[in-house]
Amino acid sequence: MLKKFFGKFSHDLGIDLGTKNTLVYLQDKGIVINEPTVVAVNIKTDEILAIGEEARKMLGKTPAHIQVVKPLVDGVISDFEITEKMLKYFIDKAHKDGFMLAPKPRVVIGIPLDITEVEKKAVEDAARAAGARRVYLVEESMAAAIGARLPVTEPTATMIVDIGGGTTEIAVIALGGVVTYKALRMAGNELDNNIVQFVREEYNVLIGEQTAETIKMRIGSATMLKESMELEVRGRDLLYGLPRSVKISDSQVRETMQRTIRQIIDSIKLTLESTPPELVADIYEHGIVLTGGGALLRGLDKEIALETRIPVRVADDPLISLVKGTGVLLENQELLDKVAVQNTDEL
């Protein structure tokens, strides 16, 4: 009863709890938070020092007693306590201009397709412990498809490929449910790791994750570029331990990422092979939609289209499709009840 009363003074939230970034949609206001899923902890006192962008800035620069933690691995909670504190911080931050009492919002959270019951419970418990009045879990592919304004409740099939930081999800959706899918525990982070490994093996230079991501974003591509590009990067020479800069070309980056890109494309083909023929016909007619940060890799849509012989397009604002979908669901209770994986009883 008391939570219902507090709920009247809270704006409900949609959360994209991603491996790399967490986005929060506040009802009636839109996306109010887009910050890295990173937490800095003082391991001597167990005190949370920074969350989000402030914590990300500390990566690779902290003394021994400060640990920078990424509490989600491959889209799944790996550190429950820190995830709970991070969610509480984001919920409080989203409501900072609102009612002075503790917020008790309804919360819609995207979860991976291949998540286990134990992992579902961890997400739900973390959100409730952080102050949520009621928690709805929605498959990330479904939320991303809704955010991309795809006709998920129609009998017509929709194929969506959501390439995030830790996971890639390939799903065929029809009549408000996922018909067939394939989930990979590899995505943007794996591409970054490919680049780190290449620079280490080719030049004997160690670079960090953030540098690798910069390389990927600035000169990375899935297909050959019209004009070749180069980028000078700095790291630590593994022989002498001193700073050293090297030049990397777009062709080198493309080659080193090719194995991961190939696995994603092969998985799309396998998903199509296991899809009922009537639905495959719809997909051939309407095409494949890419969402998530990985969708922004140059030429990826063209490479997938070439390999599958199906039209491919990148969703508008692919980085925020998922959290936009949670926002749509907050405004449409009937649709939310239909697509929610698990609803908690309101206390």
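The values are calculated or read from the model by the stated rules, or taken from the named source; none is laboratory data. Predicted model, so just to flag it, every value in this text is computed and none were measured. Because the Cβ atoms are built from the backbone with ideal geometry, glycine has one as well, and the counts that use them run over all protein chains shown.
Remarks
- Residue check: Thr180 meets all listed conditions (1) of a type in the set (Val, Ile, Thr); (2) outside any helix (DSSP H, G or I); (3) surrounded by 21 or more Cβ atoms within 10 Å (Cβ to Cβ) but one, namely (3).
- Residue ranges of helices (runs of 4 or more DSSP H) in segment 235-347 with at least 2 members under 22 Å from the mean Cα position of the chain (by Cα) and of a type in the set (A, V, I, L, M, F, W, C): 250-273, 300-308, 321-331, 333-339
- Subset of segment 51-78 (residues that are free of Cβ contacts under 8 Å to residues at least 12 places away in the same chain and within 23 Å of Ile109 (Cβ to Cβ)): Ser78
- Being at pLDDT 90 or above and either of a type in the set (S, T, N, Q) or crowded, with 19+ Cβ neighbours inside 10 Å (or both) is true of Thr37.
- Gln210, sole failed condition from (1) free of Cβ contacts under 8 Å to residues at least 24 places away in the same chain; (2) of a type outside the set (A, V, I, L, M); (3) within 22 Å of Asp74 (Cα to Cα): (1)
- Residue within segment 93-105 that is aromatic (Phe, Trp, Tyr) and either within 26 Å of Ile163 (Cα to Cα) or not assigned by TED's automatic domain parsing to the domain that holds Gln333 (or both) present: no
- Residue list for segment 156-177, restricted to those being closer than 18 Å to Ala340 by Cα, assigned to a loop (DSSP other than H, G, I, E, B) and among the hydrophobic types (A, V, I, L, M, F, W, C): Leu175
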